[in-house]
Amino acid sequence: MRTPLVMGNWKLNGTKDSVTALVNDLLQPANEAAPKAEVAVCAPAVFIGMVEQLASSSKLQWGSEDCDIHTQGAFTGENSPVMLREFGCTYAIVGHSERRDYHKESSEYVAQKYKAAQENGLIPVLCVGESEADFDAGRTMDVVREELKAVIDLCGIKSFEKAVIAYEPIWAIGTGKTATPEIAQKVHQDIREYLASFDAEVAAGVRILYGGSCNAKTAPDLFSQKDIDGGLVGGASLKAADFAAIIKAAVDNA
């Protein structure tokens, strides 16, 4: 049985005051969700230490929005997976569409980040998804398979026993558009079937989150789908009441 996971991705947002208020407001919903659902927030690196201090005695987990392929050295501005682990991170998001686009990260480079995160005690959250042009052209799974295959080639299919996948249709991120539950379910099912072509047991166990403008209104229908195991939540994760409603939807569909 896969335990639902609701994860907030704060992106480039937050102040000391807002982070303190938000985390404090999420402690009770996270505690109440356990053990039916897990809750995590992925914060900008400068706030991870604050999140650790605020959440360490709760069921709220936390992680990083990215991590480097290196553990130490002359790599100015990067965040080592070892350092992230030292601040209590459980997760590291890798391959988010904004990283792939703005920083020109290839699927092969994302796979290296996934490997570095996993080898240093973090659970990688591998983001995969297609552009609007690819969606319109019916190339969704061509894109997603390529992004998954890069990780399989480098790390092996068994690596997904200790990883999370987030399907994020790029055309639905920050646009207010959301894939219908039926569209999202079909892609999640296709992802699971693709992984099953390598290892059926791994495919059945891996959690696949929906990550395209998931919000309090859309979450109940999305989370009721057989192959959707929670959400990677952007803007709605910055509003405690909205995020709490999404957590409740995960609990209700656990």
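Per-residue SASA remark: residue 190, around 30 Å² accessible (1.4 Å probe; ligands, DNA and RNA not included). With protein chains left intact and a 1.4 Å probe, residues in the chain average 44 Å² of accessible area per residue. Judged by the gyration tensor of its Cα atoms, with axes a ≥ b ≥ c, the stretch 210-253 is oblate; a/c meets the 1.5 cut and b/c is at least as large as a/b. Assign unit charges at the C-beta atoms only (+1 for Lys and Arg, -1 for Asp and Glu), then state the dipole size of the chain relative to its Cα centre in Debye, rounded to the nearest 20. Roughly 440 debye, rounded to the nearest 20. When the Cα atoms of the stretch 23-138 are aligned to their principal axes, the ranges along those axes come out at 44, 41, 22 Å in descending order.
Would you mind checking 11/149; 11/217; 36/158; 149/248; 36/104; 16/158 for any pair whose Cα atoms are more than 32 angstrom apart? Table pairs above 32 Å Cα-Cα are 149/248; 36/104; 16/158. Quick one: grab the alpha carbon gyration tensor of the stretch 137-209, order the square roots of its eigenvalues as a ≥ b ≥ c, and give me rounded if a/c is under 1.5, else prolate or oblate depending on whether a/b is larger than b/c. In terms of gyration-tensor shape, prolate.
Of all DSSP-defined beta bridges confined to the stretch 5-253, some 0% are antiparallel rather than parallel. Electrostatic bookkeeping for residue 165 treats Lys and Arg as +1 and Asp and Glu as -1; over the other residues with beta carbon under 11 Å from its beta carbon, the sum is -2.
Other residues with beta-carbon under 13 Å from the beta-carbon of residue 11 carry, at +1 per Lys or Arg and -1 per Asp or Glu, a net charge of -3.
From the largest down, the chain spans 45, 44, 33 angstrom on the principal axes of its Cα atoms. Taking label points 7 Å from Cα along the Cα-to-Cβ direction, residue 200 and residue 161 give a separation of 1.8 nm.
Kindly identify the stretch 94-150 as rounded, prolate or oblate by the Cα gyration tensor criterion: order the square roots of the eigenvalues as a ≥ b ≥ c, call it rounded if a/c is under 1.5, otherwise compare a/b with b/c, prolate if a/b is larger, else oblate. Note, shape of the stretch 94-150 comes out prolate.
Per-atom-type breakdown for the chain gives carbon and sulfur 51% of the accessible area (1.4 Å probe, protein chains only). Taking K and R as +1 and D and E as -1, what net charge do the other residues with C-beta under 13 Å from the C-beta of residue 38 add up to? Taking every Cβ under 13 Å from that of residue 38, the sum is +2. Springs between Cα atoms under 10 Å define the GNM used for the chain, and in it the highest mean-square fluctuation of 185, 225, 72 occurs at 72.
The values are calculated or read from the model by the stated rules, or taken from the named source; none is laboratory data. Remember, it's a predicted structure, so these values are computed and weren't measured experimentally. Counting neighbours? That spans all protein chains shown, and the Cβs are built from the backbone with ideal geometry, glycine included. Protein only, heavy atoms only, side chains kept; ligands, DNA and RNA dropped before computing areas. Shrake-Rupley method; radii C 1.70, N 1.55, O 1.52, S 1.80 Å.
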